[in-house]
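Have a look at the structure below before the remarks.
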Amino acid sequence: MVTAKPLADTNMLLKCATEQLGCPHFCSQGIKIPVYCFGTQYLIDNSLFGGVSHISDEEQSLLDSLLLAQWEERMWKGHFEYDITASEIKVIRGRRKFLAQLNSDGGIDCLQDPDKHKMCHQKDLPVFDQTKHCEELLFCITNSDKADSELIPSAAVPNGAILIVINACYFPDLLPVEHMPVDILFDAGQKGIQISTVIDYPIKTLLFESNCNIRMMVEIVSETTRYLLDKEIPYNLMISDCGKKVFLFLQAQTLSSSCNLSAWECGGYFLFKSRQEFEEVTEAALLKRLSTVSLDDEGFATVKQFCCTMASKIVF
């Protein structure tokens with residue numbers, strides 16, 4: 001996702017998401033795409049950033065249909081490096097149910113190729129090169145001043161809208177890490193903020209959750225990632241459950257960036273180029289692959305302590 005907003009916007013949530021969660025700004029001038037507007041009644045009842053962010057079954061169905069329709073249109077237009085539906089995927093035998101995908105046609109690099117998402121810079125503001133990436137936009141979501149939610153088939157991108165963009169992967173089901181048990185580290189009770197450690201998982205992982213205050217959760221995640229940047233600790237973020245959950249994967253400091261895993265791999269989804277590797281991979285091998293790059297126990301303890309101390313200051 002990327003965020004469309006004017007340079008003068010000082011909204012804290014968008015600033016945190018942009019600077020700390022890695023969501024770049026987008027130069028949307030002259031672009032028209034489908035726009036889904038959440039009505040004021042939805043915002044009053046659920047308050048996307050203040051109350052329980054529950055989407056009705058009808059709205060969820062419409063958003064899913066919109067996503068898949070736009071997705072399939074881009075696929076038929078040839079904007080994917082390869083057709084993921086034609087790729088062989090299997091569950092690795094073992095307790096953690098890691099996923100493996102065979103990509104023998106060379107499309108494996110599409111997740112990690114930096115040229116696929118080149119960015120240009122306008123002063124200090126990163127923006128996507130719109131001349132190359134317009135077709136990667138599926139639709140956007142925003143707030144409306146009308147009571148009922150509505151879908152506008154084609155419209156200019158509103159300021160502050162959240163843009164949904166394509167990649168080579170679509171995961172309708174939970175990733176392996178999302179099935180793992182957790183140990184609660186910090187619980188703010190009625191404040192609706194909870195921080196946990198994912199246990200029995202090979203890479204050190206924190207889980208941030210909020211059912212009623214996503215704005216505060218984003219602030220906590222932002223401060224945590226800022227700390228990690230200062231300490232030069234590599235990390236990956238995975239946002240799930242309509243933004244109510246954020247997984248933070250902590251990796252060891254290395255001299256080579258090639259040793260760092262992608263967020264997909266940290267979440268338990270692995271790509272293989274050769275049939276032999278795909279057929280022979282085991283859970284033990286993937287456990288070793290993840291644990292080798294994981295932050296050590298001492299470093300993890302320090303991060304957890306900082307996270308809880310900082311969260312207490314923000315929440316209370």
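Okay, residues lined up against (1) loosely packed, with under 15 Cβ neighbours inside 10 Å; (2) of a type in the set (S, T, N, Q); (3) assigned to a loop (DSSP other than H, G, I, E, B); (4) modelled with pLDDT of 55 or more:
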{"residue": "C23", "(1), (2), (3), (4)": "no, no, yes, no"}
{"residue": "Q29", "(1), (2), (3), (4)": "yes, yes, yes, yes"}
{"residue": "L43", "(1), (2), (3), (4)": "no, no, no, no"}
{"residue": "G50", "(1), (2), (3), (4)": "yes, no, yes, no"}
{"residue": "E58", "(1), (2), (3), (4)": "yes, no, no, yes"}
{"residue": "L66", "(1), (2), (3), (4)": "no, no, no, yes"}
{"residue": "A69", "(1), (2), (3), (4)": "yes, no, no, yes"}
{"residue": "H79", "(1), (2), (3), (4)": "yes, no, yes, yes"}
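Selection within the stretch 117-170: residues that are of a type in the set (S, T, Y) and modelled with pLDDT of 80 or more. The member of this set that is surrounded by the fewest Cβ atoms within 10 Å (Cβ to Cβ) is S154. Residues in the stretch 144-161 that are assigned to a loop (DSSP other than H, G, I, E, B), polar (S, T, N, Q) and more than 22 Å from the chain's Cα centre (by Cα): S144, S149. For the stretch 162-206, residues that are assigned to a helix (DSSP H, G or I) and either of a type outside the set (S, T, N, Q) or under 28 Å from V91 (Cβ atoms) (or both) total 6. For the stretch 265-299, taking the residues that are crowded, with 16+ Cβ neighbours inside 10 Å and hydroxyl-bearing (S, T, Y), the one that is farthest from the chain's Cα centre (by Cα) is identified as S294. Is it true that some residue in the stretch 238-249 is more than 26 Å from Q190 (Cβ to Cβ) and surrounded by 18 or more Cβ atoms within 10 Å (Cβ to Cβ)? Yes, some residue in the stretch 238-249 is more than 26 Å from Q190 (Cβ to Cβ) and surrounded by 18 or more Cβ atoms within 10 Å (Cβ to Cβ). Residue check: S262 meets all listed conditions (1) surrounded by 18 or more Cβ atoms within 10 Å (Cβ to Cβ); (2) within 15 Å of the chain's Cα centre (by Cα); (3) under 25 Å from A86 (Cβ atoms); (4) not β-branched (V, I, T) but one, namely (1). Residues that are open to solvent by 50 Å² or more (accessible area, probe 1.4 Å) and at pLDDT below 65 within the stretch 86-116 comprise D105, D109, Q112, D113, P114, D115, K116, listed in sequence order. Among the residues here, I239 qualifies as under 15 Å from the mean Cα position of the chain (by Cα) and not polar (S, T, N, Q).
The values are calculated or read from the model by the stated rules, or taken from the named source; none is laboratory data. Note that this is a predicted model, so its numbers are computed, not measured. Neighbour counts run over all protein chains shown; Cβ positions are idealised from the backbone, glycine included. Please note that ligands, DNA and RNA were not included when accessible areas were found on the heavy atoms of the full protein model with its side chains. Shrake-Rupley method; radii C 1.70, N 1.55, O 1.52, S 1.80 Å.
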